[in-house]
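Here, each number is a calculation from the coordinates, and none is a lab measurement. For clarity, every value in this text was computed on a predicted model and none was experimentally measured. Cβ placement follows ideal geometry from the backbone for every residue including glycine, while neighbour counts extend to all protein chains displayed.
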């Protein structure tokens, strides 16, 4: 579903560490993921030859089980250090370091400040 | 049996905390029962690398998806809008975005001004001192001088514009439309022991820095020091009544599932617009066969949920993403009624920052923007940290067919019947939504965004649960009177969003809390004649 890419310098979702994270994180999503994989297997006829076509069809059709499968993969893939670094980001949680937000130019408000009262009086 | 208390408050969230704090000065014996736990700042997701994943797990805003032991299920299958809430000390303020607009004066006079729905039995001026007091307690950042609203004076400076806010501001100025930095309860300076915001970015599932105001860190420390007792993991099953038709207390289950009775002289409900009607309907008895306080038949009816389309676009450079509070600006350009638009009432535009790495991938894959397979990486890099996002906060008008009832099958873990939601969006609101979506698309286009899309079916679910035990002076047309007391049960009060008559087009928490403080003040002024 997410292949490795030399161009972007990232592993695929089938990378051993990412796959282990996916499997280890299933938790409450286990039943949905199992159902999605069951649908996947049925569509492909149980063999490898129809896998790509089945995957395309299944992802197009969607549904809660498939949605969960996609989410579980994405939430593990996009917290892998290698993937995060490839995006130019630091692999760390937000707390405690936080981030810097530029103040911006508050003179942009000047034309709004000059507007007359907009709210309605109520009896 | 527990000792009798003077005041029993059910629920420790936005309104329960405010009413507990205000009544504490009376020195009455006050007890609050809360079905959830205290949540520590070290428990919040932004402490760990799985912070985004936990938004889809134990910090999901849907109780059905979150599924904590402390949650109760809600059958919302028959509603396009789903329920969002949180059960714990602080209630929904644990997982709100901290956006802090007040209702407009016109919101309290909908019938008089626009000929629809009903007027509130109170007005903006009545609530204004309580808004001020609540702002002081919660700590508000923002900027005075907004021409779209009566004067108010936030204690802290606004959240910086950042790259995202600057884009929005420039676009709004080109269009000549109103915008203003949002009032928010995110502290931008030290405030009453709270540390200032350091842009963790994930305000909604709890602030690990403690910069976002939630009532567990604002009202509750004061209320507890003043002698109020807060008992957690206590899930109320039923409000009981005596032979005089007065509330006598509540039956609740503790964490071990053991049933208790808590007697009380006064019962105050602060369980939100779904939890309160659920409990009233579950408190039916031979004296009150249709549910407690329900002689009007309106308990559970007129549910309002604020339909909230989100319009998304992508810029050609990285903007703030999730490296800042989600709240940024608001616009009231289309808030007041203009009949030429084809609908009555109006909406607020809420300008949000972007979203995080994981959430961008999940939501874009679900929306069909992000493919699987070989094109995934190329497309993703055109999305991540480039998102602009505008919410259309539509006023939801009261309609009796939108309602909370008891589900005949679904029950919580204690066997208490669950709430069932039936809800549809009215034609007036549909037209309002389309107008707002079109304006948001214009703004995003002028802001330089492309790949713009709006969802009309998968709406944002803001958790604004309103209107199901409305206030009014006529006992046939309302559940509580103009100061929150049940028409039917004269020692039963409701202080949460249930009592709203109409919904306005703004986030409701500041008004919910101002109403709770107002009702507490009315109780204090009427102590000698409270049950007359």
Completion exercise
Taking a ≥ b ≥ c as the square roots of the eigenvalues of the Cα gyration tensor, with a/c under 1.5 meaning rounded and otherwise prolate when a/b exceeds b/c and oblate if not, segment A:16-92 is prolate
Practice task
Normalising by the residue count of chain B, find the relative contact order in percent from Cα pairs under 8 Å and 6+ residues apart.
Solution key: 23 percent
Handout entry: Inter-chain Cβ neighbour average for residues B:359-367, partner chain, 10 Å
Key = 4
Completion exercise
Here the FRET efficiency for residue A:110 versus residue B:366, based on Cβ atoms and R0 = 41 Å and rounded to 0.05, is 0.50
Problem - Global form of segment B:287-429, assessed from the alpha-carbon gyration tensor, a/c cut-off 1.5 - result: oblate
Handout entry: Label-point gap, in nm, between residue B:338 and residue B:4 - each point 7 angstrom along Cα→Cβ
Key = 5.9 nm
Completion exercise
Honestly chain B on the Cα gyration tensor test (a ≥ b ≥ c root eigenvalues; a/c under 1.5 rounded, otherwise a/b vs b/c for prolate or oblate) is just prolate
Practice task
Would you calculate, for chain B, the mean residue ellipticity at 222 nm contributed by helices, counting each DSSP H stretch of 4 or more residues as -39,500 (n - 2.57) and dividing by all residues, to the nearest 500?
Solution key: -7000 deg cm²/dmol
Practice task
Would you mind checking the tilt of helix B:162-175 against the longest principal axis of the Cα atoms of chain B, expressed as 0 to 90 degrees and rounded to 10?
Solution key: 80 degrees
Exercise for the section: Restricting to chain B, compute how many DSSP beta bridges are antiparallel as a %, nearest 5. Expected result: 65 percent
Fill in the blank from the handout: Output ordering of B:258-264, B:247-253 (per-residue mean of other Cβ within 10 Å, highest first) is B:247-253, B:258-264
Fill in the blank from the handout: Taking B:400-410, B:176-186 and ranking on average Cβ neighbours within 10 Å, highest first, one gets B:176-186, B:400-410
Problem - Whole-number D in µm²/s for segment B:96-158 (Stokes-Einstein; Kirkwood sum over Cα pairs; 10 °C, 1.306 mPa s) - result: 121 µm²/s
Handout entry: Label-point separation, residue A:25 to residue B:424 (7 Å along Cα→Cβ), nm
Key = 4.1 nm
Handout entry: Efficiency of FRET from Cβ geometry, residue A:17 and residue B:256, R₀ 56 Å, rounded to 0.05
Key = 0.85
Exercise for the section: Take peptide B:154-162, look around each residue's Cβ out to 10 angstrom, count Cβ atoms belonging to other protein chains, and average those counts. Expected result: 3
Problem - Shape parameters for segment B:138-259, alpha-carbon atoms, Rg then Dmax in Å - result: 21.5, 67
Completion exercise
Expressed as a whole number, the average count of other chain Cβ atoms within 10 Å around the Cβ atoms of B:323-329 is 2
Practice task
Using every pair of alpha-carbon atoms in the protein assembly as shown, split the distances into 20 Å bins beginning at 0 and state the percent of pairs per bin, rounded to integers.
Solution key: 19, 53, 26, 2, 0
Exercise for the section: Specify, per residue and in Å³, the volume enclosed by the convex hull of the alpha carbon atoms belonging to segment B:64-178. Expected result: 207 Å³
Practice task
Give me the percent of DSSP beta bridges within the protein assembly as shown that run antiparallel, rounded to the nearest 5.
Solution key: 70 percent
Practice task
Note the direction-averaged projected area, equal to a quarter of the hull surface, for the Cα convex hull of segment B:398-532, in nm².
Solution key: 12.2 nm²
Handout entry: Calculated P(r) of segment B:370-451 - Cα pairs past 22 Å, %
Key = 59 percent
Fill in the blank from the handout: Nearest-0.05 FRET efficiency for residue B:243 and residue B:532 at R0 = 22 Å, using Cβ-Cβ distance, is 0.70
